[in-house]
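Heads up, the thing below is written out as structure tokens.
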Amino acid sequence: MNFLHLKYLIEVEKYESISKAAQHLYINQPRLSKIIKEIEEEANIKIFERHNKGVVPTTKGREFLSQAKKIVQEVDYLKNMYQDDPHKLNLDICVPRSSYISEAFIEYLKMDNNMKKRWISLYVENQVGVLSKISGLFSGKCYNLDSLTVGTTEDPTVSRMTIATVSDDETFEQIKKQLNRMVEVIKVIDFTDVFVRMKEILYVKVLKCTPEDKVEIFQIAETFKAKVIDYGKDSLLVEFVQTATKNDAVVKLMKEEFKSIEVVRGGSVGIESISMMER
């Protein structure tokens, strides 16, 4: 049981229907029904009686919902106490399982001056399960993991990871501290403000090409110093090895110019620069 689930119960009581409440909350009905059942089992009471026209609270359910409303009101009161703080960013988000929503959310976060893309390089022990532990840290703590690449170094017992994330200063410091605490992590390097050489591999396959499209693709490849590595009757495969920022521009251009494309990106890899920075 958590605070959000209490809000769900209040919505079900309001609409006297699990399906209507689910629609209003932007979650599916089976999921909401499962949450109600889990809360009823945890509280050891029956909160709602089901009938043909919907649901109604039981006597114990009304008592439970009355206390739930008080809890929600108190929490809302605490939140509203600081609404006038000009430095506070308040977000209320309901996210369905769609990748474009998460992408849009990340773009929104970037609008805050303190939110920016950051890079970390890790030296880790080359062992089974290390990658899952690192990615699990990000998912478990709800940190945004923009990209992660890994490969062995000159020492076969050591791997090097390059991680890109979007975060504020405080969250980024937490990420570095959490990574430093992991036994398998040998060294953590903050790439955000140091001189580095960083590249990302990008493959773009253009389908249903006309002869004019092929000419344009070769011109784009020449402009971005890319390679056409595969060629078919009505398709081309182009390889770009450049910074993630330039690859963003390429993907945007290709989407605008061609109707049917496939995109695969490998994630950035980087190393400390000798004299210049490129990312």
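When Lys177, Lys255 are checked against the criterion of being more than 24 Å from Gly270 (Cα to Cα), of a type in the set (Lys, Arg) and surrounded by fewer than 18 Cβ atoms within 10 Å (Cβ to Cβ), a single residue qualifies: Lys255. Kindly establish whether His5 is touching a helix residue (DSSP H, G or I) at 6+ places or on another chain (Cβ under 6 Å) and either exposed (fewer than 12 other Cβ atoms within 10 Å of the Cβ) or at pLDDT 85 or above (or both). The answer is yes for His5. In the stretch 21-45, the residues that are free of Cβ contacts under 8 Å to residues at least 60 places away in the same chain reach residues that are among the acidic types (Asp, Glu) and part of a helix (DSSP H, G or I) with C-beta atoms within less than 9 angstrom, at least six apart or across chains, in these pairs: Ala21/Glu11; Ala21/Glu13; Ala22/Glu11; His24/Glu11; Leu32/Glu11; Ile45/Glu63.
Restricting the search to the stretch 221-241, which residues are polar (S, T, N, Q) and modelled with pLDDT of 95 or more? Of everything in the stretch 221-241, nothing turns out to be polar (S, T, N, Q) and modelled with pLDDT of 95 or more.
Per the listing Lys233, Lys225, Lys208, Lys246, the residue uniquely out of contact with any Leu (no Cβ under 6 Å at 6 or more places or on another chain), under 28 Å from Arg118 (Cα atoms), exposed (fewer than 13 other Cβ atoms within 10 Å of the Cβ) and basic (Lys, Arg) is Lys225. Remark: pairs (first residue in the stretch 211-228, without any contact (Cβ under 8 Å) to a residue 24 or more places away in the chain and on the phi < 0 side of the Ramachandran plot; second residue among the basic types (Lys, Arg) and part of a strand (DSSP E or B); Cβ separation under 7 Å; 6+ apart in sequence or on different chains) = Ala221/Lys227. Taken together, Tyr231, Tyr203 contain a single residue that is touching a residue at least 60 places away in the same chain (Cβ under 8 Å), over 30 Å from Thr171 (Cα atoms) and not assigned by TED's automatic domain parsing to the domain that holds Ser159, which is Tyr203. When each of Leu145, Leu122 is tested for being in contact with a Phe, Trp or Tyr (Cβ under 6 Å, 6 or more places away or on another chain) and either under 21 Å from Asp193 (Cα atoms) or of a type in the set (Gly, Ala, Ser) (or both), the lone residue that passes is Leu145.
Residues in the stretch 148-174 that are in contact with a Gly (Cβ under 9 Å, 6 or more places away or on another chain) and surrounded by fewer than 17 Cβ atoms within 10 Å (Cβ to Cβ): Thr149 alone.
The lone criterion from (1) out of contact with any strand residue (DSSP E or B) (no Cβ under 6 Å at 6 or more places or on another chain); (2) assigned to a helix (DSSP H, G or I) left unmet by Asn247 is number (1).
The values are calculated or read from the model by the stated rules, or taken from the named source; none is laboratory data. Worth saying up front: this structure is predicted, and the values here are computed from it rather than measured. Here the Cβ is made from the backbone with ideal geometry for all residues, glycine too, and neighbour counts use every protein chain on show.
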